[in-house]
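The values are calculated or read from the model by the stated rules, or taken from the named source; none is laboratory data. For clarity, every value in this text was computed on a predicted model and none was experimentally measured. Cβ atoms come from the backbone with ideal geometry, glycine included; neighbour counts cover every protein chain shown. Side chains included, ligands, DNA and RNA excluded: accessible areas come from the protein's heavy atoms. Shrake-Rupley method; radii C 1.70, N 1.55, O 1.52, S 1.80 Å.
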Amino acid sequence: MKRLVCLTVQRFRKKSLLFAVILSLAAAHFQCLSYLGGPFSKYAVEAVNPSMVNAMLLSYSLVPFLFCLFIGYELSEGIRAENLQEVWGTGRNGLGRVVLAHLLVLAGFAFLLTLQYGGYNLYACLRYQGATLGYGFNLLGAHLLYLFLPCFAACLMGTVLALFAGRYTAYGVMVLIGYLSSSLFAELLEAVNIFGGRAAGRLLTLFTLPFQSRSLLDEDYGFGLEGYRFFRVAFWLLLLAGLLWLGCRMRRRWPALLCGGLAVLCVGGFFFRGSALVREEGPDRTSDVLYFYYSENPVRDQPADFAVRSCDLKLKITDRLKGTAVLAVEKNEVGADCRFTLYHGYKLTSLTDGAGDPLDYKREGDYLTVYPPAGERLEELVFQYRGEGGLSYSNRQAVFLPAGFGYYPLEGWVPLYEENEVPFAAVGAEKDFTLQVSASCPLEVSLPPAEKGYAGRTQGVTLLGGLVTRGDCGGMELVSASLSHRMGNIFWDEYQSRLDAAAQLGFDFSDKLKDKPVFLTDQSDWVNYTPFVEFSDHYLCRVPPMRWVADEFVHQALADAPEKEKVAQTAILLLDQRTRKAFEVNCVGAGLPEPMLGVIDLDRCGGWTVVQPFGEAVFRLGEEPVIAQVKAYLADETDTRTALEFLNDLRRGAEG
C-alpha cells in the first residue's frame, strides 16, 4: 500500500493535475484575502465575524468542490492502462488496492484544501478574544461539513467517473454539478417549490452538495450543523462508495448493496428537519416558509376577555420542542370559551382540564378556541404539544424562544408575524411562571433560578441557548452570542453616545438597561424586527445599531406627542457625536439631495421634510439657539404646534 501511495503521488507530475492543484490551493487565499484584507490586517475583528466567515467559507465552497472533482477524475483516469497495472494486475483485489491508494491521497488533498480556508479563520479566532470554545467547535464542524466531506465526496465522484465513464461524459457531469449549485438552479427550485410542493423541491436539494449561500449568519445559532445536513453528505459518500466497490470488481457484492441500502436510509434522514434554522436559498428557507404561510393565513388581533393567573411550563428540547403548559384561568364567565395563541408549527397532542378530562377546541393556524363543558367554567387547562417554531428555533444546537412568541399558549389572539415583521411585545398582564426545561445546549433564561428549574412573575419568558454567554458590559448585564458579547463595548459606546445626546434635550435614561438583564439577539432574517421590547424582568433587544434602543426610549417618553418626537429625534441626530458629521454634511446648509443611508436614520424624524428645515434653521441661527428653543418646545405641554409649524417659526425668526 505504501508503494501504491507513492506511485499515486508521482502522478501529480501530470501537467493538468499540477496546474489544477496549484490553482485550487491559491483560490483559497484569493477568496479569503478579498474580504477586508484577511484576518492578518487591522480588520481582524471583523474578518472573524460569523457573517464574514460565512461569506469566505460557505458561499464559495463550490470552487474547491469542482477542483476536487476534476482532480479526482484526472488522477484516476486511465487507471486500468498505466504502469500501476503491473502492481495490481497479478494480486488479489489489486484494482481495489490501487483505488484505495488514490482515495488516501485525495483525502489528504481535501484535508489540505480545508486547512487553506480554516487557517485564516483559526488565526482570526486566536486574535479575537470573544471567540469561545463553543464557537471554535462550531467552526470546526462547519469546516468538516461544508468543506472536507463535500470535497472528499467530489474526489470519490471523480474516481467513479474514471471507472465507469469516458472523458466527455465525465466533463459533462462536472458541468451539470456546476449548474446544480448555481443561481439558475435556485430559480428552478423556486418554481418546483411553487408548483410541485416543498417535498419535490427538497428532493432536488439533495443533489446540491456544495453549499451556496451569501446570507448573513445568525450569531446566536452559528453554522447550521443539523443532522439532516450530515445525512445529505452521508448519502453521497455511501452511494459513491457502493459504486466504487462495483467498479473494482470485487468478488463479494454485498458491501455495495449494503452501501446502497444505507444511502436510501440517509434520504429519509435528510427529509426530517426538526426545528432547523435554514438560511440558504431553497424550498425550506425558514423566513420564506414563514412569509408564504402568513400570506395565505392572515394574523388576528383580539385581546382575551379573561386572565391567566399562572403558567407552569415543562419543556424538552431535542431536534424539536416538546412542551406541557398548565394555565390557571380566572375572570372568565360560566360557559364562556377562551381564546389562545400557539404557533402553528406546534402540533397540539392533548388538551384537558385540571382533572384530565379532554376539552373541545377549534384550531385555525396559530389560533385556538377552547370550549368549556356545558354550564361550567374553565379554570385550569393542560396543553401538550410538540413541533418546531420557525425563526424561533429550538433544537440540539441552539435555542431562541423569546417572550411574547407563542411557544406556549398566549391568552387572546395575538399576531405572531405581520408585514415582514415579527411584532414581539409584552403579551398580557404579569403572571406567575414556573419553568422546567431540558436541552442539549447551554441555556440562559430570563426567569431567576428556583429549587426546581426557574420561577418568577413577569409577562413572558425568554430562552436563549447555544453560542451564548452572560456577563457585564458597561454596567449592563448582557446575555448574547459570544461574538456579539465581544462587540458589546462597541454597542455600549454607540448606545451611550445616543443617551448623552438625549440628555442635552432634558431626557434622563441613565438607568435604562442597567436595572435588569438585556437579552441581545441577532436574527438577521427579520428585516423589520422590533429593536427593543421591555418586560418586567428583562429587556429583549436586537443586535446593532443599539442607538435604536435609545431612540425607542425617546419614543416612549413622547408617545403622546408624536410631532414633538420628530423634532427631538432630529435634534438628537445632530447632538449624537456618532451621527453628527453625517448630519452636518447632509442636512445642514445646502445639503445633498438625500441623506447618507445607513449612517443616519430618518424614520422617527418624519423624513426629509422635517430634517431639511431643521438643518436650515441650524445653518441660519446656529446650533445653540436652535437647541435651546427645541428644549423649550419639548418641555411646554401647552405648545401644540406640529413639527413643521415649529420649524417654520424658527426659520421665520431667522429671516427676521
- Right, Glu333: out of contact with any Ser or Thr (no Cβ under 7 Å at 6 or more places or on another chain) and surrounded by fewer than 19 Cβ atoms within 10 Å (Cβ to Cβ) or not? yes
- Message: Looking only at segment 360-381, count every residue that is surrounded by fewer than 18 Cβ atoms within 10 Å (Cβ to Cβ) and either more than 26 Å from Gly335 (Cβ to Cβ) or of a type in the set (A, V, I, L, M, F, W, C) (or both) and tell me the total.
- Response: 1
- Leu126 fails exactly one of the following numbered conditions: (1) of a type in the set (A, V, I, L, M); (2) more than 23 Å from the chain's Cα centre (by Cα); (3) at pLDDT below 80; (4) surrounded by 21 or more Cβ atoms within 10 Å (Cβ to Cβ). What is the number of that condition? (4)
- Applying the selection to segment 387-402, what residues are over 24 Å from Ser295 (Cα atoms) and either open to solvent by 10 Å² or more (accessible area, probe 1.4 Å) or part of a loop (DSSP other than H, G, I, E, B) (or both)? Asn395, Arg396, Gln397, Ala398
- Conditions (1) part of a loop (DSSP other than H, G, I, E, B); (2) in contact with a Gly (Cβ under 9 Å, 6 or more places away or on another chain); (3) under 15 Å from Glu379 (Cβ atoms); (4) not hydroxyl-bearing (Ser, Thr, Tyr) -> Ala336 fails only (2)
- Single unsatisfied condition, Leu216 versus (1) at pLDDT 65 or above; (2) under 21 Å from the mean Cα position of the chain (by Cα): (1)
- Single residue of Val599, Val588, Val527 found to be modelled with pLDDT under 85, more than 30 Å from Ser480 (Cβ to Cβ) and surrounded by fewer than 21 Cβ atoms within 10 Å (Cβ to Cβ): Val588
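Could you list, in sequence order, the residues of segment 530-542 that are at pLDDT 60 or above and out of contact with any helix residue (DSSP H, G or I) (no Cβ under 6 Å at 6 or more places or on another chain)?
Going residue by residue through segment 530-542, those that are at pLDDT 60 or above are 531-542.
The answer is Val533, Glu534, Phe535, Ser536, Asp537, His538, Tyr539, Leu540, Arg542.
Look through segment 610-624, keep the residues that are free of Cβ contacts under 8 Å to residues at least 40 places away in the same chain and over 40 Å from the mean Cα position of the chain (by Cα), and return whichever of them is most open to solvent (accessible area, probe 1.4 Å).
First, the residues of segment 610-624 that are free of Cβ contacts under 8 Å to residues at least 40 places away in the same chain: 612-613, 615-617, 619-622, 624.
Then keep just the ones that are over 40 Å from the mean Cα position of the chain (by Cα); that gives 613, 616-617, 619-622, 624.
Numbers: Pro613: 10, Glu616: 45, Ala617: 0, Phe619: 137, Arg620: 124, Leu621: 56, Gly622: 23, Glu624: 154 Å².
This residue is Glu624.
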- Query: Considering only segment 353-376, how many residues are among the aliphatic types (A, V, I, L, M) and either farther than 23 Å from Leu416 by Cβ or part of a loop (DSSP other than H, G, I, E, B) (or both)?
  - Reply: 3
- Note on the structure: Considering only strands (runs of 3 or more DSSP E) wholly within segment 439-478, the ones with at least 1 residues that are over 25 Å from Leu225 (Cβ atoms) are 454-458, 468-473
- Query: Has segment 303-324 got at least one residue that is loosely packed, with under 15 Cβ neighbours inside 10 Å, modelled with pLDDT under 95 and assigned to a loop (DSSP other than H, G, I, E, B)?
  - Reply: yes
- When you scan segment 234-252, how many residues do you find that are under 25 Å from Tyr73 (Cβ atoms) and either open to solvent by 60 Å² or more (accessible area, probe 1.4 Å) or of a type outside the set (Gly, Ala, Ser) (or both)? 13
